[in-house]
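Below is one structure, written out as structure tokens; the observations come after it.
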Amino acid sequence: MPQLPATPYPADVRARLDADAKEVIARYPGTRSALLPLLHLVQSEEGYVSRTGMAFCAETLGLTTAEVTAVATFYSMYRRKPSGDYQVGVCTNTLCAVMGGDAIFDTLKEHLGVGNNETTEDGKVTLEHIECNAACDFAPVVMVNWEFFDNQTPESATQLVDDLIAGRTVEPTRGAPLCSYKETARILAGFPDERPGAVEASGGAGPASLVGLRLSKGEALPKARVVAPRDGRPKDGHPHDPSPSEHLSSHDAPQQTSASDPEHPAGPTAEEGE
């Protein structure tokens, strides 16, 4: 059925967004190129990209609402309905899944009482499964408002969402300190993060991510250390307990979490066609 025109922003909100949009558009040689950051801008206002936000982008850039909608529905970082203060994404792509991502996601669904892409009743947490976030060396990975929480387990992920709901401070494994989803959207729109010390704390990739770079430069790597199996200890003594700076994987083997074939988590052993 045809929909009524989107409700316009209140005058004070519109004036503020007009000023911000003007600053964003000035960065680009063509106004159309500013669409992606403008979508983040309107998302920072309401916590999602509403019909009102898309109408604002279309009017500001001289586009049709169909053109704006096509972009807003293509990229998963743009929310299409109200969401929580914290977007908790569990990577369920191949490596994270077999290392425990499926178990984490199932645990959080039950613990929070929500399904995929649903928000808790208090409006604090939206849970979703996400595709690869290029952090496979720290699998399984959970992201909160696009900040990394590496080497997670069902227990640590449960504690994480409990802390978020309770308003306790949580620290990402690496990257900037955590902020709300609306604040994150404004930063993604291209505006500076004005929190004291946030930029300096951002950091970069962890040691495991840089191994390939060091090898390509011919640098010597530290002697590899064996991590103990989950159910035992190395023959020569105690299991290695990595320091926080090493960010070694907390798992030494894939977990048996295949939802498609619980009896054979590693997949079929027969040749194809047999």
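Only the coordinates and a few stated rules stand behind these numbers; no lab work does. Just so it is clear, the model here is predicted, and its values are computed rather than measured. Cβ: placed from backbone, ideal geometry, glycine included. Neighbour counts: every protein chain shown.
If r is the Cβ-Cβ distance from T169 to F74 and R0 is 30 Å, what FRET efficiency results, to the nearest 0.05?
FRET efficiency, T169 to F74: 0.30.
Once the mean of 1/r is taken over each pair of separate Cα atoms and inverted, the range 1-159 shows a Kirkwood hydrodynamic radius of 17.3 Å.
Computed from the C-beta positions of V199 and A19 and an R0 of 30 Å, the FRET efficiency is 0.80 to the nearest 0.05. Extension gain for the segment Q3 to T31, taken as residue separation times 0.36 nm less the Cα-Cα distance, is 7.3 nm to one decimal. Net charge of the neighbourhood of C96, taken over other residues with C-beta under 12 Å away and scored Lys/Arg +1, Asp/Glu -1, is -4. Remark: spin-label model distance E59-E131 equals 3.4 nm, labels positioned 7 Å along the Cα→Cβ axis.
Sorting the segments 174-186, 208-220 by their residues' average number of neighbouring beta-carbon atoms within 10 angstrom, most packed first, yields 174-186, 208-220. Highest mean packing first, where packing is the average number of other Cβ atoms within 10 Å per residue, the peptides 137-146, 78-87 line up as 137-146, 78-87.
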